[in-house]
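Here is the structure we will look at, set down as structure tokens.
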Amino acid sequence: MPSAGNSPFTIHHTVFSRAVDADLGGLLTNLKLPRRRFLHLAAGAAPFMAVSHIAWGQAYPSRTVTMIVPFAAGGSTDVAARVVGEHMSRTLGQQFIVDNVAGAGGTTGSIRAMRAKPDGQTIQMGNLGTHAFSVSLYPTSPISRMSISSQLAWSSSSLSSSWLGRTFPRKT
């Protein structure tokens, strides 16, 4: 059994250290940090560790959150926004108000959300039509010139289908 000084790890570590030192042009062998200098650096870094525990983020949300739905009340996006808003209200302890701003295929509500104060207290519940199609269909709209927009979460998806009776005359 090899002694502690001749273990494979020690040999590998020594070879690796020498290889790294050779790649750095001998920088590691010339690096000497006197004890006094080390203590000065450690004493200077200690307050930063104490301050990092003090600098906590603020609680979100700090006040009522407005959730803009760019469609009329009663639609699938509105229902999803009300379910998600109610859950977020219970979870985060602040009220979430659903504001339906219908018009122009969702563009009106998207513009209102885009122009809101960027403090996180106004969010939008949109869909593929408001976030992708409107931008390409209306190139002169203010929403197509948005400089920044980010998706927080994917909340729901819906499936549309058509059902026909057996007696319906169909051609394929």
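The values are calculated or read from the model by the stated rules, or taken from the named source; none is laboratory data. Just so it is clear, the model here is predicted, and its values are computed rather than measured. Cβ sites come from the backbone with ideal geometry, for glycine too, and all protein chains shown count toward neighbours.
Within segment 47-61, restricting attention to residues that are among the small types (Gly, Ala, Ser) and either modelled with pLDDT of 70 or more or in a loop (DSSP other than H, G, I, E, B) (or both), which residue is surrounded by the most Cβ atoms within 10 Å (Cβ to Cβ)?
Let us first name the residues in segment 47-61 that are among the small types (Gly, Ala, Ser), namely 50, 52, 55, 57, 59.
If we keep only those that are either modelled with pLDDT of 70 or more or in a loop (DSSP other than H, G, I, E, B) (or both) too, we end up with 55, 57, 59.
Details: ALA55: 6, GLY57: 5, ALA59: 9.
It comes out as ALA59.
Checking the structure you have, find out if any residue of segment 62-79 is at pLDDT 55 or above, within 28 Å of the chain's Cα centre (by Cα), of a type outside the set (Val, Ile, Thr) and more than 29 Å from GLY105 (Cβ to Cβ).
Checked segment 62-79: at least one residue is at pLDDT 55 or above, within 28 Å of the chain's Cα centre (by Cα), of a type outside the set (Val, Ile, Thr) and more than 29 Å from GLY105 (Cβ to Cβ).
Being within 8 Å of MET125 (Cβ to Cβ) and among the small types (Gly, Ala, Ser) is the filter; apply it to segment 65-82 and report the residue that is surrounded by the most Cβ atoms within 10 Å (Cβ to Cβ).
ALA81
Report, by residue number, each residue of segment 81-113 that is hydrophobic (A, V, I, L, M, F, W, C), farther than 16 Å from THR64 by Cα and touching a helix residue (DSSP H, G or I) at 6+ places or on another chain (Cβ under 6 Å). Before you say what the answer is, go through the steps one by one.
Initially, segment 81-113 is screened for residues hydrophobic (A, V, I, L, M, F, W, C), giving 81, 83-84, 88, 92, 96-98, 101-102, 104, 111, 113.
After this cut, where a residue has to be farther than 16 Å from THR64 by Cα as well, the list is 83, 101-102, 104, 111.
Selection gives VAL101, ILE111.
For segment 120-142, how many residues meet the condition of being touching a helix residue (DSSP H, G or I) at 6+ places or on another chain (Cβ under 8 Å) and surrounded by 15 or more Cβ atoms within 10 Å (Cβ to Cβ)?
12
Give the residues of segment 86-119 that are over 24 Å from TYR138 (Cβ atoms) and surrounded by 15 or more Cβ atoms within 10 Å (Cβ to Cβ), sorted by residue number.
If the condition is that a residue be over 24 Å from TYR138 (Cβ atoms) and surrounded by 15 or more Cβ atoms within 10 Å (Cβ to Cβ), then MET88, SER89, GLN94, PHE96, VAL98 are the ones that fit.
Report every pair of residues separated by at least 6 positions or lying on different chains whose Cβ atoms are under 7 Å apart, first residue within segment 61-78 and free of Cβ contacts under 8 Å to residues at least 60 places away in the same chain and closer than 17 Å to THR130 by Cα, second surrounded by 13 or more Cβ atoms within 10 Å (Cβ to Cβ) and of a type in the set (Lys, Arg).
Within 7 Å, the pairs are ILE68/ARG112.
Which pairs have Cβ atoms under 6 Å, sit 6 or more apart or on different chains, and link a residue in segment 113-135 that is closer than 19 Å to ARG63 by Cα and part of a helix (DSSP H, G or I) to one that is hydroxyl-bearing (Ser, Thr, Tyr) and modelled with pLDDT of 80 or more?
none
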